[in-house]
Each structure stands twice: as C-alpha cells, then as structure tokens.
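Heads up: the structure comes next, in structure tokens.
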Amino acid sequence: MKKAPIILAAVVLSAFSVTGVALVAVTHHLMDGRIAENQRVAMQSKLESIIPDGQFDNEPLEDLIQVSARELLGAENTRVYRVRKAGEPTAVILDPVVPDGYAGPIQLLVSVLRDGSLGGVRVLYHHETPGLGDKIEERKSDWVLSFDGKSLSNPTLEGWAVKRDGGEFDQFTGATITPRAIVQAVKNTLIFVQQQGDALFEPVEGVKTAAKGAG
C-alpha cells in the first residue's frame, strides 16, 4: 500500500483544519469588536438622553471613575460618568443597582445635575413582569420620566415614595414593589451625590464611601 496518497490527504485535511480554525478566530475577533462598538454607541446614546442639551462637550464614557457605596447604590462597585462643559463639571451619571426589584435586580442610569436636580433616569436592564413591572421602561410608559427635574427638596424627603406609601410618585396597577424600589434607589443616589459633592469630579482617591442610607 502506497503511503504518499495517505500522507497527502492528511496534509490537505490539516491545512483545511488550520484554515478553518483561523477563519473562526478572525470572525470571532471581528464580531467581538463590532458588538463592543455597538454597546458603546448604545450607552453613549443613553447617557446623552439624560444630559440637558448644550450642557456637555466632553466624552462621559472616557471620564469615568468607580465608587463603592453598596448601602446607597446597591452594588459593590458603581460607575460614575463625569459630565463637563468647557472643563467645568455640569453633571454626574451613575449606574446604581436596585437590589429589591420584584423579579430581581434592576440596573439604572441616573443623571444628577450640579444643582442637585435629576437630569433623568433610565433603566438599563431588568427582569420585571411583562405588562406590569416592565412599565419602568421608557418605551412601555412615561413613568420613568416623572423623575426629571426632581431633587431632595422637590419633593421633600417624605415625598420620595409611591402614593400608596404617602409619597408623590405613582405606582402601577397590580405592581407596587417595582416602582417603590426604584423611587428609593433614585432617592439614595441623590443622597450619595449630595454627600460626595465636588469629590466626584476628583481622582478616584478623593471619593469617599457613603456610610449611611436614607431609610
């Protein structure tokens, strides 16, 4: 039996295998890059949607620190995007976690302007019940827009609750747990930003860890 055809076949198969693996690796690399870029563009759009027009000229995605204040912000580490105009601070955007959503954690984007008022709130992800708790999404209802312009003095601290609990924020019919948890999380984010003040715009070592929640 001649060995040459067998060897040739083995070489050809090996070449095809190596080429196939290389193509898969290159395709995977290109797709990863495209996915990462799409995610960056989507996040940039979300950030810009809660910054008032004309109040920034920097790249918040590049001006980023992380802070640790689990009691107020719901996670071990929380991103803080710093927003500036002509080098001057105009806002911060945080991504706190709501740990006690009805169906699990909810991640938010919360924009706080330099005067302590909210530029806006958006939901990044959640697992709330379709048709009930998912009304926290901007595309499902305008409920999340009710935070625009609010602050720790508007309403008062006592007013930072859903109406069923004596506060000023609407709940959803058949779903009170979700809005109640988000209202508390947004309030706690405002408290954290107030506690930190200008430190949020300094290098990360200047940022303190908040010790107490708001109850």
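The values are calculated or read from the model by the stated rules, or taken from the named source; none is laboratory data. Since the structure is predicted, the reported quantities are computational estimates derived from the model, not experimental observations. Here the Cβ is made from the backbone with ideal geometry for all residues, glycine too, and neighbour counts use every protein chain on show. With ligands, DNA and RNA removed, areas are computed over all heavy atoms of the protein, side chains included. Shrake-Rupley method; radii C 1.70, N 1.55, O 1.52, S 1.80 Å.
What's the Cα-based Rg to Rh of the stretch 60-142, Rh via Kirkwood? We get a ratio of 1.02 for the stretch 60-142.
For the peptides 103-109, 177-183, residues were scored by their other Cβ atoms within 10 Å and the scores averaged per peptide; the highest-first order is 177-183, 103-109. By accessible area, using a 1.4 Å probe on protein heavy atoms only, the stretch 90-202 has 48% of its surface on carbon and sulfur.
Ligands, DNA and RNA aside, Glu128 has an accessible area near 10 Å² when probed at 1.4 Å. Accessible area per residue for the stretch 79-215, computed on protein heavy atoms with a 1.4 Å probe, is 46 Å².
Each residue was assigned an accessible area with a 1.4 Å probe, and for Asp53 the value is about 150 Å².
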